[in-house]
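Contents: one structure, followed by commentary.
The values are calculated or read from the model by the stated rules, or taken from the named source; none is laboratory data. Computed from a predicted model, the values in this text were never measured in an experiment. Ideal geometry is used to build each Cβ from the backbone, glycine not excepted, and the neighbour counts take in all protein chains shown. Heavy atoms of the whole protein, side chains included, go into the accessibility calculation; ligands, DNA and RNA do not. Shrake-Rupley method; radii C 1.70, N 1.55, O 1.52, S 1.80 Å.
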Amino acid sequence: MLKIEQLQISYETFGLEIEEIEFPQGVNVVLGPNGGGKSSFMKGIIGYGHETLSKRSIQFRGEPLERVEGIISYLPQENPRFRVLVHEYLTMTSGSVSKRVFDETVMHFALECLLGHSIESLSGGEFKRVQCAQIALEDKPVIMLDEMEQGLDMNYQHEMMDWICREGEGKVIVASMHDASLALTYADTITLVKDGRAEGPMPSASVTSEMLSACYGLPLTVRRQEGVALVYRNLL
């Protein structure tokens, strides 16, 4: 269990204030409009942006969490690239993993043909897969992903969601996303963030059309059929 007892961020005209939110083991997705505070929320949990953090009190498994390096793997919305080979990038933060685990991870993320390529030469989707593979190799108990599906085509979006669902069987996953249909299809819980405030987490199945409409300021409809969610805008 990852518990945010208190998180307060202030900069320029924006303020975020979160209290008493608990993310259980499983896939916990954060949804909300651009500028609503999703990325600030994620960064605040990690402890980034100390100059804007007014208050931060986080617990993991009932213990205060000040330093997150050994607990949380974090994939930010944007990550700078530098001239290093994919193989080297994957091993930078993973410690001493076995060759078998490394090879299985590379195969799972379809990176065999990219190991000798420079990170700088990869497409956005390829780089995202490399980053997820690096996180898988780190094998920390909490994974946080900001804009999880960004840069991935439809095939890899579903493959990555399948991956985080498997990881969520034994870990706490917190992922901010834009694709509400994808989120509602795969997530165990949903947290709605708007104007620096959060509602949730709540079971994914309990999110209604009215909730999403209020969060995004659009008339939206949620339809569910055979385990798949569809979210679309109502047209007059």
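Which condition number does LYS171 fail, the rest of (1) open to solvent by 20 Å² or more (accessible area, probe 1.4 Å); (2) closer than 23 Å to THR221 by Cα being met?
For LYS171, the failing item is (2).
In this structure, does ARG61 turn out to be touching a residue at least 12 places away in the same chain (Cβ under 8 Å), closer than 15 Å to PRO141 by Cα, open to solvent by 60 Å² or more (accessible area, probe 1.4 Å) and not hydroxyl-bearing (Ser, Thr, Tyr)?
yes
I'd like to verify a number: residues in the range 129-169 that are aliphatic (A, V, I, L, M), in contact with a Lys or Arg (Cβ under 9 Å, 6 or more places away or on another chain) and not in a helix (DSSP H, G or I), how many?
So the count comes out to 4.
Which of the residues spanning the range 1-40 are over 22 Å from GLY70 (Cβ atoms), at pLDDT 85 or above and not in a strand (DSSP E or B)?
GLY32, PRO33, ASN34, GLY35, GLY36, GLY37, LYS38, SER39, SER40
Out of all the residues in the range 141-163, is one or more in contact (Cβ under 8 Å) with a residue 60 or more places away in the chain, open to solvent by 10 Å² or more (accessible area, probe 1.4 Å) and of a type in the set (Phe, Trp, Tyr)?
no
Of everything in the range 70-127 that's within 23 Å of SER39 (Cα to Cα), hydrophobic (A, V, I, L, M, F, W, C) and buried (at least 18 other Cβ atoms within 10 Å of the Cβ), which residue is farthest from the chain's Cα centre (by Cα)?
PHE127
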